[in-house]
Amino acid sequence: MNNQIIDTNKVDTKQETAKEVPATNVVKDVPAAPTAPVAHVRISYDDFSKVEIRAGKIISAEKVPDTDKLLKLSVDFGSFEPQPRQIVSGISMYFPDPAVLVGKTCMFVTNLEPRKIKGLESNGMLFAISTPEGGFSLFEPNATIPPGTKAS
């Protein structure tokens, strides 16, 4: 990449095109800032064991108005929790028709503190994976796993 810095005080703004700036006012081939390698932060087993992951069945899904990414999910966690939970997730771009999610059993983090997202309270986090190339997958247990089952 050829990054250049131009002294704008030497550019004639009265003409439609700028005059070429003398070489003394241009820095050529400025190296890009070095990028640090991605650090893989390790956590202790004790920290990981605090995360509660459960299967939940999506019973409704709808787009959050005035957003591009967010869906509001209502999730049944079976006998673990008597009432469905509201979970807001940034997966709308993968599901133009959120109705296709209804009936799916997926994995969720269930012991996060509630968080307000666009004015909606979210009470968990959906597990999913995506790639820079656009690949996407939900983490779905097989059909024999009932809602509320804790991952171990």
key: Single unsatisfied condition, VAL109 versus (1) in contact with a Ser or Thr (Cβ under 9 Å, 6 or more places away or on another chain); (2) under 27 Å from GLY134 (Cβ atoms); (3) not hydroxyl-bearing (Ser, Thr, Tyr)   = (1)
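Tell me which residues, restricted to segment 102-127, are free of Cβ contacts under 8 Å to residues at least 40 places away in the same chain and not charged (D, E, K, R).
Within segment 102-127, the subset free of Cβ contacts under 8 Å to residues at least 40 places away in the same chain is 112-116, 119, 121-123, 125.
LEU112, PRO114, GLY119, SER122, ASN123, MET125, listed by residue number.
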message = For a quick check of your reading: which strands (runs of 3 or more DSSP E) sit entirely within segment 77-152 and have at least 3 residues that are under 28 Å from ASP46 (Cα atoms)?
response = 85-89, 105-109, 128-130
remark   = Of the listed residues (ALA99, ALA55, ALA61), the one being among the aliphatic types (A, V, I, L, M) and in contact (Cβ under 8 Å) with a residue 60 or more places away in the chain is ALA55
query = Just checking, which of LYS69, LYS57 is in a loop (DSSP other than H, G, I, E, B), charged (D, E, K, R) and surrounded by 12 or more Cβ atoms within 10 Å (Cβ to Cβ)?
reply = LYS69
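Computed from the coordinates by the stated procedures, all read-outs in this text should not be read as laboratory data. Please read these numbers as outputs of a predicted model, since none were measured by experiment. Note: ideal-geometry Cβ built from the backbone for every residue, glycine included; neighbour counts use all protein chains shown.
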